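A.B. asks: I'd like to ask some things about the structure below.
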Amino acid sequence: MRELQKLLVKGTKSDNPQAWDIRSTQVFIGPPTRRIEDARFAPMPPGRIGRLLVLLQMMSRGLLSQPLLSVSPWFERRRPEYQDSLLGVSTKGDWDNWILFFCQDIEESCEDALLRVKRLVNVRQRYRSLLDEHRYSGLSVQTAMYLIGQPTVTASMLKRRFGKSPSAVQHALSRLVSVGILRAYPAGRGNLYIAPDIHKVLAAPLGAAIDVSAPLMCERGE
C-alpha cells in the first residue's frame, strides 16, 4: 500500500516523505474536550489505489488470473453518478445502489477487456503469419510475441529480456521495422520502438468499436 501510494504521488504537489506513511493517530477536529454531536461512517472512497485493491482482491479469490480488467475508465465517463453514489453511501447508507453501480462497471469493463484480448490474439496470429512469410524466426518472432504485452520497447530492454547481444537485438528490430510491425522514433542516444497495431488496441477509449479481425496497419501499408 505504501509503495503504491509513493508511486501515485511521485512528481505531484503531494510528493513528500510523509505522503506514503501510514497514519499513526486519528484525525481530530476541534479541541479534545469538544463533545461529539454527530458521528457518521465515512468509507474510504475507491480512488485509484482503492480500485486497484478491488482487482487485487479479485485475483486473490481466483476470479481473475491476470490483471486484465480496468474499472477506472468506466467510472471516469460517469463521474457525477460515481460521486453521487459514493455520497449516498456516506449520507444515507445506500450500499445497494453503490454495489449495483459498481457491478455494472465490472460487467461492461469485462466485455470491453474481452474484446481487446480477442483482437490482440488476432494480431498475434497475424504477426506470426507475416513473419513466416518472410522466413523470419528466432529473436524476431520472440520479440514480436513479446510486443503483445509490451508494445513500446528499446534495444536495451530487449537485450535484458532475452539475454542477446546488441547486434542480434538490433537485427531483430530492423526486421520488425521492415515489415511494419514496429515503428522507430528517435529517443536520446537510441530509438524507441512502438508497435502501432497493439498500441491502437490498448489506447482505444472504453466502448470503442474494435474490429477483432480487421487488417493490420502493416498489412495495409500504413
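A.B. asks: Report the one residue of P215, Q142, Y127 whose Cα lies farthest in the direction of the positive end of the charge dipole of the chain (charges on C-beta: Lys and Arg +1, Asp and Glu -1; origin at the Cα centre).
C.D. replies: Q142
A.B. asks: Still on this model: Zone of R135 (label point 7 Å along Cα→Cβ, backbone N under 17 Å): which residues in the stretch 173-188?
C.D. replies: Label zone hits: 175-176, 179.
A.B. asks: Further question on the same structure: What's the angle, to the nearest 10 degrees (0 to 90), between helix 48-60's Cα axis and the longest principal axis of the chain?
C.D. replies: It is inclined by approximately 70 degrees.
A.B. asks: Hey, any idea what Rg/Rh is for the stretch 114-187, computing Rh the Kirkwood way over Cα pairs?
C.D. replies: Values: Rg = 12.2 Å, Rh = 12.7 Å.
So for the stretch 114-187, dividing Rg by the Kirkwood Rh gives 0.96.
A.B. asks: Related question: If the only charges are +1 at each Lys and Arg Cβ and -1 at each Asp and Glu Cβ, what is the size of the charge dipole of the chain around the Cα centre, to the nearest 20 debye? Please report the intermediate quantities before stating the final value.
C.D. replies: Numbers: 31 positive and 21 negative charges, 218 e Å.
It comes to approximately 1040 debye.
A.B. asks: Can you compute the helix-only [θ] at 222 nm over the chain? Use -39500 (n - 2.57) per DSSP H run of at least 4 residues, normalise by all residues, nearest 500 deg cm²/dmol. Could the numbers behind the result be given before it?
C.D. replies: Values: 9 runs with 116 residues, N = 222.
Per the formula, -16500 deg cm²/dmol.
A.B. asks: Take every Cα-Cα distance within the stretch 90-139, group them into 5 Å bins from 0 onward, and report for each bin the whole-number percent of pairs it holds.
C.D. replies: Each 5 Å bin holds this share of Cα pairs: 4, 17, 13, 12, 10, 8, 9, 7, 6, 5, 4, 4, 2, 0.
A.B. asks: Using the beta-carbon distance between T12 and S70 and R0 = 22 Å, what value does 1/(1 + (r/R0)^6) give for FRET efficiency, to the nearest 0.05? Each step should come with its number before you reach the end.
C.D. replies: Details: r = 21 Å, r/R0 = 0.95.
Calculated value: 0.55.
A.B. asks: Mind checking Rg over Rh on the chain, alpha carbons, Kirkwood formula for Rh? If you can, show how the numbers build up before the last one.
C.D. replies: Values: Rg = 23.5 Å, Rh = 21.4 Å.
Reported Rg/Rh, Kirkwood definition of Rh: 1.10.
A.B. asks: Give me the extension gain from Q83 to R189: residue separation times 0.36 nm, minus the current Cα-Cα distance, reported in nm with one decimal.
C.D. replies: Details: separation 106, 0.36 × 106 = 38.16 nm, distance 4.59 nm.
Separation in residues times 0.36 nm, less the Cα-Cα distance, equals 33.6 nm.
A.B. asks: Take K6, K164 and order them by how many other Cβ atoms sit within 10 Å, fewest up front. Mind showing how you got there, number by number?
C.D. replies: On the way: K6 14, K164 18.
By the 10 Å Cβ count, ascending, the order reads K6, K164.
A.B. asks: Can I ask one more? What is the distance in Å between the Cα centres of the stretch 57-131 and the stretch 159-222?
C.D. replies: So the separation of the two Cα centres works out to 26 Å.
A.B. asks: Of the options A184, G47, C103, report the single residue whose Cα projects farthest towards the positive end of the charge dipole of the chain (beta-carbon charges: Lys, Arg +1; Asp, Glu -1).
C.D. replies: With unit charges placed on the Cβ atoms, the residue in question is A184.
We did not get these values from a lab; they are worked out from the coordinates using the rules stated. These numbers come from a predicted model, not from an experiment. Because the Cβ atoms are built from the backbone with ideal geometry, glycine has one as well, and the counts that use them run over all protein chains shown.
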